[in-house]
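**Q** Mind looking over this structure? Questions follow.
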Amino acid sequence: MRTLSSRLGLAALLGLLSAGVSLGVGELVAALVRPAAAPIIAVGNRFIRLTPESVKRWAIRQFGTNDKHVLLTGIYLGVALLAVLIGWLALRWLVAGLVGVGVIGALGSYCALTAPAHHTSDAVPSILGALAGMAALRMLVTALTSQPDPQAQPGQPRAGTDRRRFLRGGLAAGGLAVFGGVAGRALQHNRFNASAARAAITLPEPVPAPGAAGASALTNYDLGKSGVPFLTPASDFYRIDTALAVPQLDPKSWTLRIHGMVKQEITLTYQQLLARPLVERWVTLTCVSNEIGGNLIGNARFRGVLLADLLKEAGLDARADQLLATSSDGMTIGSPTAVVTDGRDAMLAVGMNGQPLPVEHGFPVRMVVPGLYGYVSACKWIVDLEATTFDQHQAYWVQGGWAAQGPIRLASRIDRPTNSGSVAVGSQVAVAGVAWDQHVGVSKVEVQVDNEPWQQARLAPVPSTDTWRQWVYLWTPSTAGRHQLRVRAYDGNGQPQVAERADPFPAGATGLHTVSVSAR
């Protein structure tokens with residue numbers, strides 16, 4: 001038993017050291033290619049594409065904006081298990097172990113070369129990483145069997161272990177793995193980092209909107225009762241996308257091609273876009289995966305160029321019912337042209353909350369379309385916009401069964417008091433939250449305590465119908481015990497929120513948000 005345990009431990013050490021060298025060298029080489037070519041990222045991107053839609057929905061529901069961290073952790077654990085298996089094979093038959101490392105390298109190369117918007121050179125980190133891992137494995141195994149064993153009996157194998165050589169080789173492999181991983185990531189960050197370019201940009205001032213209140217009127221829109229500010233800081237803004245390595249685009253070389261069913265193609269540089277009249281609008285963005293009462297929603301002040309003006313210049317074909325946007329990492333998002341061109345402030349955004357777009361939120365340019373869920377409108381890192389039809393092309397999320405059009409559903413949320421919270425009997429409690437129905441608006445919000453009649457809440461003013469709306473209802477609990485608080489909203493046309501509970505898939509969640517509180 002002790003011998004078996006020792007061999008398993010030795011196998012694990014061999015495999016993990018070899019895998020570490022492979023990944024470390026892969027990260028170093030990716031610093032010369034691009035971050036998306038790093039073996040783990042390449043495998044992760046391919047895994048996302050192959051994952052069934054139901055599993056993606058489950059991951060977003062369970063982990064929210066941490067889904068990418070969970071995926072990468074899972075991939076590292078999977079590689080570690082494979083590494084242990086390869087180490088075990090190498091102890092029994094070196095060639096089998098070497099083949100195992102080579103197969104993993106081939107898998108990484110395949111994933112890199114089948115990713116959307118891939119480059120031919122993306123396979124290089126996986127190939128060179130695999131070769132380095134094979135060399136490390138061979139060196140370590142050879143050190144284990146490189147010297148004769150003086151205690152071997154006649155007729156028995158006389159191979160023994162060169163402990164010093166194995167120790168030196170193990171330390172070298174471990175050092176290379178750590179150095180490659182740390183230095184590779186650091187070099188990638190230095191070579192492919194758009195933060196410095198973003199910091200050097202000063203956005204032109206926007207054209208004032210007729211009759212619209214500016215950022216100075218923020219306090220008018222914020223009741224200060226819910227704990228959730230009217231303006232969502234960029235650092236707190238939700239992010240749902242498939243980019244494991246955030247695209248780092250240089251605005252100096254960025255271009256956007258507008259083509260397809262248009263009279264004339266337009267290619268815009270970043271400077272040409274900034275030279276156009278910019279508008280600035282409050283817009284609330286919502287993820288279609290947002291559960292009832294969920295936090296995959298944020299409100300910001302976006303600055304950009306009206307998309308309808310660009311489409312008019314290009315001469316949009318009346319038969320084109322879809323704008324297919326493509327990001328630099330190959331993600332496709334399809335928006336209905338009828339919505340984009342109906343007079344709302346759909347834009348190519350270059351700024352967020354008075355600053356250039358944050359890198360993780362689409363720098364240098366993203367799409368923003370009020371009234372549509374993000375999966376059919378909010379393309380980040382956009383580089384291509386094709387006028388086409390829904391019959392000709394299906395965007396990424398639509399291929400997974402999500403609805404093609406994606407108008408936002410009326411919803412409301414209780415932020416305070418929190419679920420399972422406690423309040424004092426006889427005290428005045430501010431029941432507060434937000435309600436939204438972008439580009440339709442919210443006209444009324446009501447709160448129900450237990451099964452009592454619905455009571456109307458006080459609404460905050462809003463700059464437009466494109467934002468969420470804060471509300472507050474003052475409640476004085478008169479009896480101790482558990483109480484159910486429920487909220488419902490009415491849209492700008494006076495229609496009530498759908499009370500029937502429905503999951504986000506395939507067109508957005510419905511139902512009334514309810515929290516349970518204890519009065520003491």
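**Q** Over what distance in Å are the Cα centres of segment 284-356 and segment 58-137 separated?
**A** 36
**Q** Then there is this: Using only Cα positions of segment 295-384, each an equal point scatterer, no hydration layer, compute I(q)/I(0) via Debye at q = 0.22 Å⁻¹ and quote the log10 values to two decimals.
**A** -1.14
**Q** Once the other residues with Cβ under 14 Å from the Cβ of His119 are scored (Lys, Arg +1; Asp, Glu -1), what is the net sum?
**A** -1
**Q** Just flag the trypsin sites (Lys or Arg not before Pro) in segment 293-368 sitting in loop per DSSP whose Cβ has no more than 15 other Cβ atoms within 10 Å.
**A** Arg319
**Q** Taking H as built 1.01 Å from N, whose amide H comes closer than 5 Å to the amide H of Asp384, not counting residues under 5 places away?
**A** Arg257, Thr326
**Q** With a cut-off of 8 Å between alpha carbons and a minimum separation of six or more residues, what is the relative contact order of segment 274-392 in percent?
**A** 29 percent.
**Q** Let me ask you something else. Residue-wise, which Karplus ³J(HN,Hα) couplings in Hz belong to segment 191-200, taking 6.51 cos²θ - 1.76 cosθ + 1.60, θ = phi - 60°, and x for glycine or proline?
**A** Per residue, the Karplus-derived 3J(HN,Hα) values read 7, 10, 9, 8, 4, 5, 5, 5, 5, 7 Hz.
**Q** Then there is this: Roughly speaking, what is the centre-to-centre gap between segment 218-259 and segment 477-519 when only Cα atoms are used, to the nearest Å?
**A** Rounded to whole Å, the Cα centres lie 27 Å apart.
**Q** Related question: Keeping all protein chains in place, calculate the accessible area per residue for the chain (probe 1.4 angstrom), answer in Å².
**A** With the other protein chains kept in place, the chain gives 46 Å² per residue.
**Q** Under a Cβ-Cβ cut-off of 12 Å, what is the net charge of the residues other than Thr467 that fall near it, where Lys and Arg count +1 and Asp and Glu count -1?
**A** Value of the local net charge: -1.
**Q** Could you give me the ³J(HN,Hα) list for segment 100-115, computed from phi with Karplus coefficients 6.51, -1.76, 1.60 and θ = phi - 60°, whole Hz, x at Gly and Pro?
**A** Values, residue by residue: x, 4, x, 5, 5, x, 5, 5, x, 5, 4, 4, 5, 8, 10, 6 Hz.
**Q** For the chain, build the charge dipole from Cβ charges (+1 Lys, Arg; -1 Asp, Glu) around the Cα centre, then report which of His513, Ala132, Phe390 sits farthest towards its positive end.
**A** Ala132
**Q** Mind checking the dipole of segment 248-395: about its Cα centre, +1 per Lys or Arg Cβ, -1 per Asp or Glu Cβ, Debye to the nearest 20?
**A** 380
**Q** Say a site is exposed when it is one of the GluC sites (Glu not before Pro), sits in a DSSP loop, and has at most 14 other Cβ atoms within 10 Å; what is then the longest site-free stretch of the chain?
**A** 1-264
**Q** Which ³J(HN,Hα) values in Hz, rounded to whole numbers, follow from the phi angles of segment 163-176 under the Karplus curve 6.51 cos²θ - 1.76 cosθ + 1.60, where θ = phi - 60° and Gly and Pro get x?
**A** 4, 5, 5, 5, 5, 4, x, x, 5, 5, 5, x, x, 5
**Q** So what is the 222 nm mean residue ellipticity for the chain from helices alone, if each DSSP H run of at least 4 adds -39500 (n - 2.57) and you divide by all residues, rounding to the nearest 500 deg cm²/dmol?
**A** Calculated from helices alone, the mean residue ellipticity at 222 nm is -11500 deg cm²/dmol.
**Q** Could you point to the residue in Gly294, Ala499, Leu256 farthest towards the positive end of the chain's charge dipole, with +1 and -1 charges on the Cβ of Lys/Arg and Asp/Glu respectively?
**A** Most positive-ward Cα: Gly294.
**Q** Right, something else. Note down the accessible area of His513, probe 1.4 Å, to the nearest 10 Å².
**A** Approximately 30 Å² for this residue.
**Q** Using a simple spin-label model with points 7 Å from Cα along the Cα→Cβ vector, what separation in nm is obtained for Ala183 and Ala196?
**A** Output for this residue pair reads 2.0 nm.
**Q** When we measure straight from the Cα of Lys56, which lysines land under 20 angstrom away, once same-chain ones fewer than 8 places off are left out?
**A** Within the straight-line cut-off, Lys56 pairs with Lys68, Lys380.
**Q** A follow-up question, please. With all protein chains present, how much of the accessible area of the chain (probe radius 1.4 Å) comes from carbon and sulfur, to the nearest whole percent?
**A** With neighbouring chains kept in place, the figure for the chain is 56 percent.
**Q** Another question, then. Quick one: plug the Kirkwood hydrodynamic radius of segment 101-149 (C-alpha pairs) into Stokes-Einstein at 25 °C, 0.890 mPa s, and report D in µm²/s.
**A** For the chosen part, D equals 203 µm²/s.
**Q** For Cα pairs less than 8 Å apart in space and 6+ apart in sequence, what is the mean separation divided by the residue count of the chain, i.e. the relative contact order in percent?
**A** Result for the chain is 13 percent.
**Q** So for the chain, what percent of the C-alpha to C-alpha distances run longer than 35 Å?
**A** Percentage above 35 Å: 47.
**Q** Apply the a/c threshold of 1.5 to the C-alpha gyration tensor of segment 41-130 and tell me whether it is rounded, prolate or oblate.
**A** Because a/c hits 1.5 or more and a/b fails to exceed b/c, segment 41-130 counts as oblate.
**Q** While we're looking at this one, here's another question. Checking the cross-link filter: which lysines have an alpha carbon closer than 25 Å to that of Lys263, excluding same-chain neighbours under 8 positions apart?
**A** The reachable lysines, counting only those whose Cα sits under 25 Å from Lys263, are Lys312.
**Q** Quick one: give the max-minus-min coordinate of the C-alpha atoms of segment 448-500 along each principal axis, largest first, in Å.
**A** The Cα atoms of segment 448-500 stretch 41, 25, 14 Å along their principal axes.
**Q** If you don't mind, there's one more thing I want to ask. Quote the relative contact order of segment 70-147 in percent (integer), defining contacts as alpha-carbon pairs under 8 Å separated by 6+ residues.
**A** In percent, rounded to a whole number, it is 27.
**Q** Tell me, what is the FRET efficiency for Leu85 and Asp342 to the nearest 0.05, using R0 = 51 angstrom and their Cβ-Cβ distance as r?
**A** The calculated FRET efficiency here is 0.35.
**Q** Using the crude model of +1 on Lys and Arg Cβ and -1 on Asp and Glu Cβ, and no other charge, please compute the dipole size for the chain relative to its Cα centre, in debye to 20.
**A** Dipole magnitude for the chain comes out near 1760 debye.
**Q** Something else about it: Report the accessible area of Val178, computed with a 1.4 Å probe over the heavy atoms of all protein chains in place, in Å² rounded to the nearest 10.
**A** For Val178, the solvent-accessible surface is approximately 100 Å².
The values are calculated or read from the model by the stated rules, or taken from the named source; none is laboratory data. Keep in mind that this is a model prediction, so the values were computed, not measured. Glycine also receives a Cβ, built like all others from the backbone with ideal geometry; neighbour counts cover every protein chain displayed. Surface accessibility is based on the protein's heavy atoms, side chains included, excluding ligands, DNA and RNA. Shrake-Rupley method; radii C 1.70, N 1.55, O 1.52, S 1.80 Å.
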